[in-house]
1. With the condition being in contact with a helix residue (DSSP H, G or I) (Cβ under 8 Å, 6 or more places away or on another chain), I'd like the strands (runs of 3 or more DSSP E) fully within the stretch 97-147 carrying at least 2 qualifying residues.
2. Have a look at Leu250, Leu274 and point out the one that is in contact with a Lys or Arg (Cβ under 7 Å, 6 or more places away or on another chain), in contact (Cβ under 8 Å) with a residue 12 or more places away in the chain and in a helix (DSSP H, G or I).
3. Starting from the stretch 164-177, keep only residues that are over 16 Å from Asn124 (Cβ atoms) and in contact (Cβ under 8 Å) with a residue 60 or more places away in the chain, then list their pairs with residues that are outside any strand (DSSP E or B) and charged (D, E, K, R) whose Cβ atoms are within a distance under 6 Å, requiring at least 6 positions of separation or different chains.
4. Would you confirm whether any residue within the stretch 73-87 is assigned by TED's automatic domain parsing to the domain that holds Pro149, in contact (Cβ under 8 Å) with a residue 12 or more places away in the chain and in a loop (DSSP other than H, G, I, E, B)?
5. In the stretch 170-177, is there at least one residue being buried (at least 19 other Cβ atoms within 10 Å of the Cβ), in the same structural domain as Ala17 (by TED's automatic domain parsing) and among the aliphatic types (A, V, I, L, M)?
6. Residues in the stretch 28-39: is at least one among the charged types (D, E, K, R), over 18 Å from Gln147 (Cα atoms) and in a helix (DSSP H, G or I)?
7. Return the residue satisfying two criteria in turn: it lies in the stretch 280-306 and is among the β-branched types (Val, Ile, Thr) and buried (at least 18 other Cβ atoms within 10 Å of the Cβ), and of such residues it is modelled with the lowest pLDDT.
Amino acid sequence: MSAHHDSTRRLLDTVNAVVRGKEEVVKHALTAILARGHLLLEDVPGVGKTTLGHALARALGCSFRRVQFTSDLLPSDILGVNIFLRDEGRFEFRPGPIFANVVLADEINRTTPKTQSSLLEAMNEGQVSIDNETRPLPDPFVVIATQNPQDFHGTYPLPESQLDRFMVRLHMGYPAGPIERAILRGDGGADPLARLEPCLGPAQLRALQDQVDQVRVDDLVLEYIMCLVEESRRTPQLELGVSTRGALALQRAARARAMLEQRTYVLPDDVKALAVPVLAHRVHAAGTAEGLLRANDEAEQIIAQIVEQVPVPV
């Protein structure tokens, strides 16, 4: 697996050189991608969500399309449309930006739920249905979405079914003081993405994703995951616990993180590190009426409490 380790190390180093001071966020993001999952970056404007999305896409060396989500965006603007060619008397399909290996859905919650939902089939099954015809998407296929907090004006909450399709939800946060000062003293505002060179291609990314399947998960670790999931369903602090899809996502993400750590087996620490970013957006905190942003914060705190309370297998 040494070749795979070299590839993952280059990926981490390349993206960290652009998104400075966010090593754990970058690791979680690459974990989702290697686990064939989709990534949701949520935070206030200006902290580097779109920069991280661009850096990941360029480093992966795959086909890439960016979609700026707005209130007037239509599903056909994303999926594509059949155009009638009058001279030839036939329809021709013009593919939308969804037909790329990496799709950056920028500010996804600024568009209507109807347009948001047009991504569901693509994210879940790797295909889209247009005019009663099913069209496969490229393999690999990854959606990297960004959104501002729900309490900001002009945003539409993502439906539960959409949130459940994202393997990981991450918060960028403001950079630490020394890192921010270094950025301000840096290269005069030059685009750090301009110097980023691809590390992989579609075939290499598929090989890494296939390698994740070979990472071993011991029965004790599986039992640990089940204990976390069952506790989320029992606790009165949550109205809705973790689903089976969420448990599967946590298991697969833990495998990908183990591979990033150059291991062929999963440790309970992998599960603990990923529990909040993988599970918190799939549960509902009980009795939160102060807004969705507050509900998200409470859900993350509750999942973190469950992780601390459930005994770790030895």
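1. 102-106, 127-130, 142-147
2. Leu274
3. Close Cβ pairs (under 6 Å, with a partner that is outside any strand (DSSP E or B) and charged (D, E, K, R)) amount to His171/Asp43; Met172/Asp43; Met172/Lys49.
4. Step one: filter the stretch 73-87 for residues assigned by TED's automatic domain parsing to the domain that holds Pro149, giving 73-87.
Retained after the next criterion (residues that are in contact (Cβ under 8 Å) with a residue 12 or more places away in the chain): 73-82.
Those still in the list that are in a loop (DSSP other than H, G, I, E, B) too: 73-74.
Yes, that holds for at least one residue.
5. So far as the stretch 170-177 goes, yes, one or more of its residues are buried (at least 19 other Cβ atoms within 10 Å of the Cβ), in the same structural domain as Ala17 (by TED's automatic domain parsing) and among the aliphatic types (A, V, I, L, M).
6. No; the residues of the stretch 28-39 include none that is among the charged types (D, E, K, R), over 18 Å from Gln147 (Cα atoms) and in a helix (DSSP H, G or I).
7. Within the stretch 280-306, the match that is modelled with the lowest pLDDT is Val283.
The values are calculated or read from the model by the stated rules, or taken from the named source; none is laboratory data. Just so we're clear, the structure is a prediction, and the values are computed from it rather than from any experiment. Cβ sites come from the backbone with ideal geometry, for glycine too, and all protein chains shown count toward neighbours.
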